Amino acid sequence: MVAMYEGIAHSQHPHPYSLLYWQILFKIYHRRFSAAPGVPMLVLLNSCRSGGMSKFLEQELVDRTYGVHDWPLYVMSSSQAERDAVVGGLWTSWFKRLVRLSPQAATAAGVDELGGEQQQQLPPPPPPPAEREQGMGEYFDAVADEYSAGHTYDLTNRLLASWQVPPDTDTDALMASLRQDCLHSGGRVDLDALERLVRDYAIRPRLTCIHCKRFSRGGSRDGGTPGGGLLCSSCERAWVQAGHTDPPAEAAAGGGAGDESERAVAQLLAVARQAEQATARPWAWRGTRSDVGERPLRQFLLGPGPDQIQAQPQPRADCKEAEEQQQEEEQVRGVTAFAADVGAEAKRQCLLVEAAGA
Ligand SMILES: [Zn+2]
């Protein structure tokens with residue numbers, strides 16, 4: 001096992017052999033696609049910064065040297081490279097969707113129609129045919145969209161923290177409009193819609209303390225305002241302790257009122273772009289010159305459905321030679337699926353990735 005860690009600078013880590021390094025993943029990918037270039041591989045990564053485990057694959061030099069975009073490799077990560085977050089609930093949705101696609105779910109749906117007391121325990125009805133044949137890319141996008149739609153609070157919190165909303169604003173209407181019109185699927189901000197919202201509601205950037213420029217302006221709580229409403233409470237205390245009784249001089253703003261309003265809009269849009277960047281969201285890498293993204297996930301993981309088995313018998317199952325060949329291939333493949341933080345059933349499903357892929 002230690003051989004896996006050869007060539008990795010791990011001396012600074014106290015327990016390096018408990019860590020998975022991207023170099024190890026790359027060795028697995030490389031070995032596997034050298035032995036079986038046409039067999040797809042699906043990898044699920046669930047950790048903080050898990051997108052970083054695929055970052056090297058994005059380098060042009062790596063593609064030129066190893067042809068990584070020819071690999072039928074799809075890596076789904078719980079978050080981007082730079083985010084210290086595991087996006088909670090993503091894999092729950094992922095596996096729930098998968099359960100719906102299983103042939104058992106289709107059978108159960110027949111029972112479901114009969115209703116009765118058992119209905120609560122039965123899996124949800126199977127999805128329409130289009131969803132059943134969804135490619136890996138479409139499947140991931142759908143789960144990521146579902147996640148983003150249910151987790152807009154991080155983004156909205158970041159936006160609201162930068163806003164100064166006029167006192168008589170209908171906040172419910174504002175929030176509804178923000179969520180419906182400005183936040184796209186996949187955790188994206190529609191900047192045109194946001195600009196309209198900012199203008200319609202006369203939102204201004206939250207004013208920061210003119211001294212530290214970090215905290216919001218507060219003002220004295222004991223009635224007197226030696227800070228003149230221009231300082232945060234901490235800076236105001238320091239201002240008073242230094243013996244001042246008059247407010248500090250405010251830096252003169254350049255330009256007229258019209259310019260100021262435009263600057264405010266531009267500033268809020270810049271904050272929105274930063275917020276979008278800073279929000280953790282599912283992230284994926286795929287070999288773009290391969291057809292891995294279009295391969296139906298259900299068939300890849302669960303094998304052909306009952307309808308397809310009837311229409312098109314699979315010779316591999318009855319053929320001893322093919323079976324042996326498959327076993328051989330499986331030995332070459334090594335570890336290909338990582339799905340920490342999911343149940344035993346889910347792990348079992350995930351490991352099926354390989355068996356069904358040949
Ligand atoms: Zn301050």
Just to be sure before I move on: is P226 at pLDDT below 90 and closer than 21 Å to R204 by Cβ in the structure I sent? no
Pairs only if they're at least six apart or on different chains, beta carbon under 7 angstrom, first in the stretch 71-83 and free of Cβ contacts under 8 Å to residues at least 60 places away in the same chain, second part of a loop (DSSP other than H, G, I, E, B); list them, first residue then second. E82/R49
Would it be correct to say that A257 is more than 15 Å from the ligand (Cβ to nearest atom), exposed (fewer than 11 other Cβ atoms within 10 Å of the Cβ), over 19 Å from P166 (Cα atoms) and modelled with pLDDT under 75? no
Of (1) closer than 15 Å to V271 by Cα; (2) modelled with pLDDT under 90; (3) surrounded by fewer than 17 Cβ atoms within 10 Å (Cβ to Cβ), S185 satisfies all except one. Which? (1)
Can you work out which of the residues in the stretch 143-167 that are of a type in the set (G, A, S) and touching a residue at least 60 places away in the same chain (Cβ under 8 Å) is surrounded by the fewest Cβ atoms within 10 Å (Cβ to Cβ)? G150
Name, by its number, the condition in (1) at pLDDT 80 or above; (2) among the small types (G, A, S); (3) assigned by TED's automatic domain parsing to the domain that holds A161 that does not hold for S233. (3)
Select from the stretch 205-221 the residues that are at pLDDT 80 or above, assigned to a loop (DSSP other than H, G, I, E, B) and more than 9 Å from the ligand (Cβ to nearest atom) and write down the one among them that is nearest to the chain's Cα centre (by Cα). R206
Quick one: R289 ticks every box in (1) assigned to a helix (DSSP H, G or I); (2) more than 22 Å from the chain's Cα centre (by Cα); (3) at pLDDT 90 or above; (4) surrounded by fewer than 16 Cβ atoms within 10 Å (Cβ to Cβ) bar one, so which box is it? (1)
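The values are calculated or read from the model by the stated rules, or taken from the named source; none is laboratory data. Since the model is a prediction, treat every value here as computed from it, not as a measurement. Heads up, the Cβs are rebuilt from the backbone with ideal geometry, glycines too, and the neighbour counts pull from every protein chain shown.
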